[in-house]
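To start, the structure under review is shown below, and the notes come after it.
Please treat every number below as a calculation from the coordinates, not as lab data. Everything numeric here is computed off the predicted structure, so don't read it as measured data. Quick reminder, even Gly has a Cβ in these numbers, built from the backbone with ideal geometry, and neighbours come from all protein chains shown.
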Amino acid sequence: MIWSAARMLNLDPFKIDHIVEAIGRGYGPESFEQIEVIGDISIESIQQKTKGLDYGFYPVDQFQCNFKIISGTPYCTGGCQGIFLDWLHMVKDRKPKTLARFPKITTLVGKVSQKIEDKSILLIGDCAQASPQLYARRIVRINGCPPTHKRIVWDMMVKFLLLAPLVCPSLIWDGFGLYPLKKVKGWLMNLKFKPSHKS
């Protein structure tokens, strides 16, 4: 089904990470020739209708700034790459002069296998931290799978003095004061209403 959907949208299934990973694990067909498509509309006719669609995909490593951004695997549009790209656009759209204050630093988002060497390296998320060949005097880590938006905002402010437009006392209090208290409250509530297993 995913193979067919990719073809209908004029996408190459072998360039879609989760399809390639599924094939590698032995799930599904290894080629389109192994799929029988039935129905009164052909794949080719649907491809004609979807030709030229703009999916709005903008890779994080194409964002123009002082960061030298290297995107590894997996590419998570709703994870590390997507959240980091959202932070970059938030700065660009609301406080564009801040972009000029970005340090010139190699930034990894996702795991990369090649050798990365620089004075400083910024790692966004847990996958980036699993990259095996990192050589730098200073490695800055922003943890998470993916890191939360507020974690990126906070770490960029503390580690690089880069104030995102939404950095304000209420955001800091909500993210780092109220949020932990809410987690503890939820944990206590779960304990209170946890059903007992009596025989």
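Once each part is reduced to its C-alpha centroid, what is the distance from segment 38-60 to segment 73-106 in angstrom? Between the Cα centre of segment 38-60 and that of segment 73-106, the gap is 29 Å. Taken about its Cα centre, the chain carries a charge dipole of about 1520 debye when Lys and Arg each add +1 at the Cβ and Asp and Glu each add -1 at the Cβ.
Computed about the Cα centre, the dipole magnitude for segment 2-50 is approximately 160 debye when only Lys and Arg (+1) and Asp and Glu (-1) carry charge, each at its Cβ. At an R0 of 41 angstrom, the distance between the Cβ atoms of residue 57 and residue 181 translates into a FRET efficiency of 0.60.
Note on residue 189 and residue 141: their simple-model spin labels are 3.3 nm apart, each label 7 Å out from Cα toward Cβ. With both labels modelled 7 Å from their Cα along Cα-to-Cβ, the residue 113 to residue 68 distance reads 2.2 nm.
Net charge dipole, segment 60-168: roughly 400 debye, given to the nearest 20, about the Cα centre with Cβ charges of +1 for Lys and Arg and -1 for Asp and Glu. Free of any GluC sites (Glu not before Pro) that DSSP assigns to a loop and that have at most 14 other C-beta atoms within 10 Å, the longest stretch within the chain is 37-199. Counting only DSSP H runs of at least 4 residues, each contributing -39500 (n - 2.57), and dividing by the residue count of the chain, the helix-based mean residue ellipticity at 222 nm comes to -10500 deg cm²/dmol.
Sorting 7-19, 49-61, 78-90 by their mean Cβ neighbour count within 10 Å, with the most densely packed peptide first, gives 78-90, 7-19, 49-61.
In the chain, a dipole from Cβ-located charges (positive for Lys and Arg, negative for Asp and Glu) runs towards its positive end, and of 188, 74, 134 it is 188 whose Cα lies farthest in that direction.
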